[in-house]
Amino acid sequence: MINEKLSKIWHGGDYNPEQWNSTEIWDEDIRMFKLAGIDVATLNVFSWVLSQPDENTFNFEWLDEKIDRLYENGIYTCLATSTAAHPAWMAKKYPDVRRVDFYGRKRKFGGRHNSCPNSPTYRKHAERIAGKLAERYKDHPAVLIWHVSNEYGGYCYCNQCEQAFHKWLNDKYKSLDNLNKAWNTAFWGHTFYEWDEIVLPNILSEENEGDVSNFQGISLDYRRFMSDSLLECYKLEYQAIRKQNNNTPITTNLMGTYPMLDYFKWAKEMDVVSWDNYPAIDTPASYTAMTHDLMRGLKSGQPFMVMEQTPSQQNWQPYNSLKRPGVMRLWSYQAIGRGADTILYFQLRRSIGACEKYHGAVIEHVGNEHTRVFKEVAQLGGELDQLGDKLLDARVNAKVAIVFDWENRWAVDLTSGPSVALDYVAEVHKYYDALYKQNIQVDMIGIEEDLGQYDLVIAPVLYMVKEGYAKNVESFVENGGTFMTTFFSGIVNENDIVTLGGYPGELRNVLGIWSEEIDALHPDEKNEIVMKETWGNLSGSYTCNLLFDLIHSEGAEVIAEYGSDFYQGMPVVTANQFGKGKAWYVASSPDSEFLTGLLSSICEEAGIESLLDVPEGVETTERIKDGHSYLFVLNHNSEEVTININEHKYYDLLLNKDIAGKVTLDGKGVLILTKVK
């Protein structure tokens, strides 16, 4: 449980009463919050300048009033530290707090996330304001959780970052000889003899638009360094709070598959993972499900928080569609079904000015409870009250894992080949989607996770193989596990230096193959995956595209071959018996039909079953608590469907009644089922 003070799924969101200098509006907000079942408000996200109008003045009376007013009306506070936007006076007096962008331009005051993470001034004042807040509110009964800064991200390329980068590199490599070897600086005459000869990789030096780098080693390390630098800022505030308060949990809101930060590393410093869920109208439901599973996986299956979602409409996408009726509720239960113990919105009352005035809110500009959106929020609020603590701390039990590694992603993006169309996240999602369609639960894991708890582990495009990981894979397979990886895997080490001796490098032994060449064609150009014979649910031929590894079997069984081009007849899918287990290799990017059939057959062979046989467009997920299973059935279709729940008798937590046999589920409808014993 995140905080025992509120033993139910939290319901609320970002609240900015400082934008409304009106007691009448504040009172009306509270009246409507009660109608909507709002029990948590996130305060003080961007209010640093109100609490600290100059360097030596602190004023928290305004915040006292807001926290107390809410608490007196049964509404708790998620208290932010406000450090996501530094005050104008700070930018004016201390230019070092302002970032330098990718093009080498010094920023002026404006926007947000505009602070240099290596600015001594920013760090000093951010730590100071966090400490002052903690000292004041450490014992306040309203505070459920601390929210450090907001949506960390963005890189800086200023002189102080360059100096800090030199120190970071010195700490990592210990000597320039080691660094030169790790980066292969003999290429293009890049050998360094002094640390200050190393310049930051941006448009003025090694990088071009689109993350393309001349020297992947330095660019890869700079991403690690920037992720670490921002994390150090978070940790300073975390520690400042902990000096005053030992018990209240601390978090910061992540952003799903956001590319710039290594979230597995960040999650180690967070008491609970929280994230902001903003799918577009055309985002596949499986992609959102994958991202929920990724956020859950950051802390080995621990329940997470949805810190933000819009009740209706976003304002920053190219086309800001409304959430159709029922969708907000449906997507909220999708999050809960995959491990969320909170449903929080951005925002509770819609702003009247600036860039978020058209971002959706619980209370719209009309200012009353008679809107479609408010009614849907209120319905969900009532249902969350009804569910109580039944689902809190319930876990997802998956026997399949998919590996997701931010550093591997950076390396794939930064490489100078083989295809501009290679998208690491898209390839990971392709494998996730094939399992999602079969209602097979998946954990999204990092490379440090214990593989032994799974029956099947899939690592798409495992381009970078870090030290010791190949041995972990070998041990997993040797002991009976099934491992699968794909084209463009096992190519480089953690410094993006090619592993010699043939692809897939350190994975060659467990996979039983050797990859000689990699062909890259335009994504519209296809080849064929031709089955040698019927295997499981697969027979005949299928299409593949993007990249094509030309592989030779070194003991692996050839399941399918290429159907055309000069490598017609060469293996494209192989399976290698290794000890008690099996290792699969898919040498190209297959079509959905093939991948669904392949993973269905592999799961069947491994004894991995789907949760429920349901029509297309219906998602299932399961959470387990104290021996009780809670099965979520989510209809993403606009039309009603019939669900056959077989011979089992279930109790539906939302309908408050027993159900069995064939059940009609409305379009965008939800069931939460537990078996009746």
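So the values come out like this:
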{"read-out": "Subset of LYS532/LYS580; LYS437/LYS582; LYS268/LYS580; LYS5/LYS357; LYS582/LYS662; LYS299/LYS657 violating a 30 Å alpha-carbon distance limit", "value": "LYS268/LYS580; LYS5/LYS357; LYS582/LYS662; LYS299/LYS657"}
{"read-out": "Where a label projected 7 Å from the Cα of ARG242 along Cα→Cβ would reach, residues of segment 258-274 with amide N under 13 Å", "value": "268-272"}
{"read-out": "Pairwise label distance in nanometres, ALA660 with SER416, each label 7 Å out on the Cα-Cβ vector", "value": "6.9"}
{"read-out": "Taking the C-alpha atoms of segment 618-675, convex hull volume expressed per residue in Å³", "value": "70"}
{"read-out": "Highest-first arrangement of 314-323, 1-10, where packing means the average Cβ count within 10 Å", "value": "1-10, 314-323"}
{"read-out": "Size of charge dipole - segment 400-606 - debye, nearest 20, with Cβ of Lys, Arg +1 and Asp, Glu -1, no other charges", "value": "300"}
{"read-out": "Net charge over other residues, Cβ less than 12 angstrom from the Cβ of PRO259 (K, R count +1; D, E count -1)", "value": "-3"}
{"read-out": "Segment 492-531 versus segment 71-108: alpha-carbon centroid distance in Å", "value": "45"}
{"read-out": "Burial ranking of peptide ranges 371-380, 612-621, 195-204 (average Cβ count within 10 Å, highest at the top)", "value": "371-380, 612-621, 195-204"}
{"read-out": "Given charges at beta-carbon only (K, R positive; D, E negative), |dipole| of segment 9-66 in Debye", "value": "260"}
{"read-out": "Column: log10 I(q)/I(0), Debye, Cα scatterers of segment 189-343, q = 0.10, 0.12, 0.19 Å⁻¹", "value": "-0.51, -0.69, -1.15"}
{"read-out": "Estimated distance in nm for a label pair at ASP389 and SER321, the labels positioned 7 Å out from Cα along Cα-to-Cβ", "value": "4.0"}
{"read-out": "Cα-centre dipole for segment 206-308 with unit charges at Cβ (Lys and Arg positive, Asp and Glu negative), debye to 20", "value": "620"}
{"read-out": "Label-point separation, TYR651 to GLU609 (7 Å along Cα→Cβ), nm", "value": "2.3"}
{"read-out": "At R0 = 30 Å, FRET efficiency that the Cβ-Cβ distance of LYS625 and GLU269 yields, to 0.05", "value": "0.65"}
{"read-out": "Expected-Rg normalisation [2.2 N^0.38 Å, Cα atoms] applied to segment 400-606", "value": "0.92"}
{"read-out": "Separation of alpha-carbon centers, segment 302-363 and segment 227-290, rounded to whole Å", "value": "18"}
{"read-out": "Cross-link table LYS124/LYS235; LYS390/LYS675; LYS8/LYS323, entries beyond 21 Å C-alpha to C-alpha", "value": "LYS8/LYS323"}
{"read-out": "Relative contact order, percent, the chain [alpha-carbon distance under 8 Å, six or more residues apart]", "value": "11"}
{"read-out": "Computed P(r) (all Cα pairs; segment 525-677; 5 Å bins; percent)", "value": "2, 8, 14, 15, 12, 10, 9, 10, 9, 7, 2, 1, 0"}
{"read-out": "Sites ASP591 and ASP171 - FRET efficiency at Förster radius 45 Å, r taken between beta-carbons, to 0.05", "value": "0.45"}
{"read-out": "Reach of LYS93 by Cα under 15 Å, taken over aspartates and glutamates that are not fewer than 8 positions away in the same chain", "value": "ASP54, GLU55"}
{"read-out": "Coil-residue GluC sites (Glu not before Pro) of segment 398-483, DSSP, other Cβ within 10 Å capped at 11", "value": "GLU467"}
{"read-out": "Most to least packed among 183-193, 126-136, 302-312 [average Cβ atoms within 10 Å]", "value": "302-312, 126-136, 183-193"}
{"read-out": "Efficiency of FRET between PHE58 and ASP450 - r from beta-carbon atoms, R0 60 angstrom, step 0.05", "value": "0.80"}
{"read-out": "Rounded Å value of the spacing that divides the Cα centres of segment 399-419 and segment 565-631", "value": "20"}
{"read-out": "Candidate values (i) 1.21; (ii) 1.04; (iii) 0.98, label of the one derived for Rg/Rh (Cα atoms, Kirkwood Rh)", "value": "(iii)"}
{"read-out": "Mean Cα-pair separation over length for segment 248-314, i.e. relative contact order, pairs under 8 Å, 6 or more apart, %", "value": "38"}
{"read-out": "Helix-only mean residue ellipticity at 222 nm for the chain, each DSSP H run of n ≥ 4 adding -39500 (n - 2.57), per residue, nearest 500", "value": "-9000 deg cm²/dmol"}
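Each value in this text was obtained by applying a stated rule to the coordinates, not by laboratory testing. Fair warning: this is a prediction, and the values are worked out from it, not measured in the lab. Methodologically, a virtual Cβ is constructed for each residue, glycine included, from the backbone with ideal geometry; neighbour enumeration extends over all protein chains shown.
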